[in-house]
Every structure is written in structure tokens, then in C-alpha cells.
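Read the structure below first, then the notes.
The values are calculated or read from the model by the stated rules, or taken from the named source; none is laboratory data. Since the structure is predicted, the reported quantities are computational estimates derived from the model, not experimental observations. Methodologically, a virtual Cβ is constructed for each residue, glycine included, from the backbone with ideal geometry; neighbour enumeration extends over all protein chains shown. Side chains are part of the model used for accessible areas, which takes the heavy atoms of the whole protein and leaves out ligands, DNA and RNA. Shrake-Rupley method; radii C 1.70, N 1.55, O 1.52, S 1.80 Å.
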Amino acid sequence: PHLDSVRNAGLSFTNFWSNPTCTPTRSSIITGKYGYRTGIKWASDELSQSETTLQQYISDQTATDYASAVIGNWHLSGNTSPINPDDFGIDHYAGLIRGTADDYYNWLLSEDGSTSNQTEYATTYFTDRSIDWIQDQSKPWFLWLAYNAPHTPFHVPPSNMHSQGSLPDYQQGMDGTPYFLAAIEAMDYQIGRLIDNIPQSEKDNTVIIFIGDNGTPGSVVQSPYTQGKAKGSLFQGGINVPMFVSGCGVSKNGSDDNLITSSDLFSTIAQIAGVSNSEIHDSKSFQSLLSENKIIREFQYSEMNDGTTDAWTISNSGYKLIVESGGSQTLYDLREDPYETTPLVITQLTPEAETAKAELEAELAVIRN
């Protein structure tokens with residue numbers, strides 16, 4: 001209900017693309033760059049300290065007008081690096097620096113360079129810390145709250161936060177779907193707490209952006225999506241994720257089908273914070289779409305490299321081309337086949353499809369220059 005409230009109060013972007021896994025999506029947001037520029041193409045890749053983060057950019061461009069915090073999942077410092085979010089110009093960090101919790105009720109908190117063991121349910125803890133941080137601020141703030149829910153391990157959240165009934169402890173081989181849904185409901189419950197605890201005067205001047213950072217895991221993906229075309233893939237089930245925007249300055253309502261990529265959040269959030277630039281690196285601000293009807297992109301792009309498959313994809317909303325590093329290509333007509341069940345035969349394309357493919361290839365050459 002709380003996510004529905006955010007969505008219904010503003011805009012739902014139906015053509016928002018992330019990356020197939022979380023780390024490259026986070027990197028694209030925080031740098032405004034595609035992964036082939038930063039080297040971040042898969043989960044646990046390590047962001048270089050030479051990159052200027054969104055938080056540092058806003059601080060530099062606004063003479064430190066904004067306080068910044070990242071609370072929750074970081075997952076941009078690899079698996080062993082000593083680099084902390086504080087090293088990237090972020091004022092405060094508290095969360096899971098390596099990206100996952102082995103147990104939602106027993107996990108390692110990293111905070112401003114130190115670590116401690118926590119036993120409070122992680123989704124609740126991150127919300128509590130976010131509420132406390134907001135209430136401590138005396139100037140405008142930018143909070144990036146990155147819940148690890150509903151990421152595995154499947155677990156049973158506190159019973160007052162979900163409607164999945166009395167669930168036994170999850171065991172390997174069980175259907176993870178009700179546990180996954182319970183984790184989403186618990187996250188929604190906590191999002192409601194967070195919004196309710198923002199002082200009304202600040203809430204009236206706040207923009208809320210909610211996104212998914214990759215598609216649903218294959219083990220719990222639901223029809224019409226399938227396991228091989230979910231999280232970890234460049235298919236729509238892996239990268240076409242929710243984005244809802246509401247709050248201050250959002251005068252439009254309903255859905256928007258503009259082609260948006262996760263890197264576009266960099267320029268958008270910076271512009272909302274008062275930065276004049278609307279295009280930075282690979283990022284194009286969509287702030288204008290919050291109040292205007294217009295088209296800001298003709299193409300959208302995503303990519304992956306999991307150590308086995310090195311591939312990238314581009315779409316003009318009608319056609320979608322997936323290219324692997326070895327040269328193989330797959331083309332889909334998303335208008336007729338939105339769930340990518342039947343690729344077009346490259347050697348038997350209609351003139352329209354042939355033209356579209358050529359345009360997609362030309363744009364890829366520009367993007368991957």
C-alpha cells in the first residue's frame with residue numbers, strides 16, 4: 001500500500017532500464033556512466049576512487065548545500081576492498097558494505113569505517129537509522145536508502161509486517177515465493193514508517209524516487225517471465241524494473257513510457273538539487289518529465305559481463321537488439337513480443353525491422369565509442 005501510494009501520487013515510468021544485477025545499476029546511478037566506462041558490469045565489481053559520485057558532485061556544485069547519506073546496501077567496494085563509502089564524498093554511511101546478509105537477523109553493520117554485529121531485522125534497522133539521520137539534519141538532505149530486501153536469503157519477516165501467514169523457516173528446495181513476497185511486504189511496511197516520520201514541512205519539499213535495481217530472481221520469477229529471462233539477464237525480466245517518482249515538483253500523474261536508464265538518475269537528482277547541467281557523462285536528466293509531456297531519449301542501453309557472457313543491449317522501445325562480444329546478435333519486436341519469446345530471424349527481416357536494426361547498431365557505435 002505504501003509503494004502504491006508513492007506510485008499513485010506521481011509517475012510510474014514503464015520503460016525504466018537497470019542492469020541485470022545490482023552493483024552495475026548502483027554504479028551507473030552514482031557515477032552517471034555506463035559500466036563499460038567504469039569497469040562495473042556485474043555484482044561485486046569494485047568502483048574506482050577516481051570516480052566522482054553523485055553525492056560529491058552535488059556537494060561541489062552547490063557549495064555543500066546538501067547533507068548526504070547512504071544507508072543499507074552499498075556493494076560497490078568488491079568483496080575485500082577496504083574502501084568505504086565515506087571515501088567517495090558521502091557524509092554518512094551505515095549498512096551492508098559487501099551487499100548481502102547471510103541472515104536478516106544476524107548481520108555485519110559497517111558504519112563510517114567501523115563494523116559491528118546486529119541482530120535487529122535488517123529492513124527495520126535501516127529504516128530506523130534513516131529516520132534518525134533525517135531528524136538530525138539542519139540543512140537540505142539527500143538520502144539514498146538501499147534496502148537489501150527482498151534479496152536472498154529467503155526468510156520470515158516479523159509477522160506484523162506481512163500477510164503470507166505462518167511460514168516455517170525456509171529450507172533449500174522449498175518454494176521461495178511466499179518468503180520473497182513477505183520480504184517485499186515488510187519493506188513496504190518500513191517505507192510507510194519512513195515516510196510517516198519525515199516532518200511534514202520537509203516532506204512537502206521532498207522528491208521520493210523508488211526503483212528496483214534488477215529483475216526478480218529466477219527461482220521466484222512469475223509468469224509471463226521465465227527463469228532464464230529474469231535477474232542476471234538482458235531480457236526485459238532482468239532489466240525493465242519499476243520506477244515511481246512523487247512529491248515536490250511532480251505535477252504529472254499516471255504512467256510515462258519514456259526510455260530511461262539508471263544512469264539518468266545522476267543528472268536528474270543533481271538537477272533537482274539545484275545543479276544546472278541536464279546532461280552529465282551518460283546521464284540525461286528526466287526532471288522535465290515530472291511536469292511536462294515530451295520525449296527525452298530515442299534509445300536506451302544496458303550491459304553485462306558475468307565472466308562468461310559479455311553482452312549489451314539497446315532498444316528504441318519498438319525493437320530491441322542484444323549483442324554478444326563474439327558478434328552474435330538477437331533482435332526482438334517488443335510491440336508484438338514484449339516477453340521476448342521468439343527472436344526475429346536476422347536473415348529474414350522485414351524492411352522496417354532491417355532499418356530499425358541498422359539504426360540500433362549505429363547508436364551502439366556512438367554509445368560504445
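With a 1.4 Å probe and every protein chain kept in, tell me what percent of the accessible surface of the range 188-241 is carbon plus sulfur.
46 percent
Roughly speaking, what is the stretch gain from Leu167 to Asp136, that is 0.36 nm per residue apart minus the C-alpha to C-alpha distance, in nm to one decimal?
7.4 nm
Report the FRET efficiency, 1/(1 + (r/R0)^6), for Asp306 and Asn160, where r is their Cβ-Cβ distance and R0 is 51 Å, rounded to 0.05.
It comes to 0.85.
What whole-number value in Å² describes the accessible area per residue of the chain for a 1.4 Å probe?
Solvent-accessible surface per residue comes out at 43 Å².
Tell me, what HN-Hα J-couplings in whole Hz come from the Karplus equation 6.51 cos²θ - 1.76 cosθ + 1.60 at θ = phi - 60° for each residue of the range 154-163, using x for Gly and Pro?
3J(HN,Hα) across the range 154-163, in whole Hz: 4, 7, 9, x, x, 4, 6, 9, 8, 10.
Can you compute the radius of gyration and Dmax for the chain, using only the Cα atoms, both in Å?
Rg, Dmax (Cα atoms, Å): 20.3, 63.
Please report the carbon-and-sulfur percent of the accessible area for the range 293-364; probe 1.4 Å, protein heavy atoms only, DNA, RNA and ligands left out.
It is 47 percent, rounded to a whole number.
Calculate the FRET efficiency for Thr226 and Ser328 from the Cβ-Cβ distance with a Förster distance of 30 Å, rounded to the nearest 0.05.
0.90
Cα centroid distance between the range 1-37 and the range 196-267, in Å?
Cα centroid to Cα centroid, the span is 5 Å.
When the label point is put 7 Å from the Cα of Ile295 along its Cα-to-beta-carbon vector, which residues of the range 313-342 have a backbone N closer than 11 Å?
From the range 313-342, the list is 316-318.
Can you list the residues, at least 5 places off or on another chain, whose amide H is less than 5 Å from the amide H of Trp141, using H built in the peptide plane?
Ala67
Taking 0.36 nm per intervening residue step and subtracting the Cα-Cα distance, what contour gain separates Asp257 from Asp103 on full extension?
Gain on stretching Asp257 to Asp103: 51.7 nm.
With the crude spin-label approximation of a point 7 Å out along Cα→Cβ, what separation in nm comes out for Thr119 versus Asp86?
2.7 nm
Hey, how many Å between the Cα centroid of the range 44-65 and the Cα centroid of the range 139-189?
The range 44-65 and the range 139-189 have Cα centres spaced 30 Å from each other.
Go through the range 94-110 residue by residue and turn each phi into a ³J(HN,Hα) via Karplus (6.51, -1.76, 1.60, θ = phi - 60°); whole Hz please, and just put x for glycine and proline.
8, x, 9, 5, 8, x, 9, 10, 5, 8, 5, 10, 7, 8, 9, 8, 10
When the helix-only estimate is applied to the chain (DSSP H runs of n ≥ 4, each -39,500 (n - 2.57), divided by the residue count), what is the mean residue ellipticity at 222 nm, nearest 500 deg cm²/dmol?
Calculated mean residue ellipticity at 222 nm is -7500 deg cm²/dmol.
Report Rg (one decimal) and Dmax (nearest whole number) for the range 1-116, counting Cα atoms only, units Å.
So, for the range 1-116, Rg and Dmax equal 15.4, 41 Å respectively.
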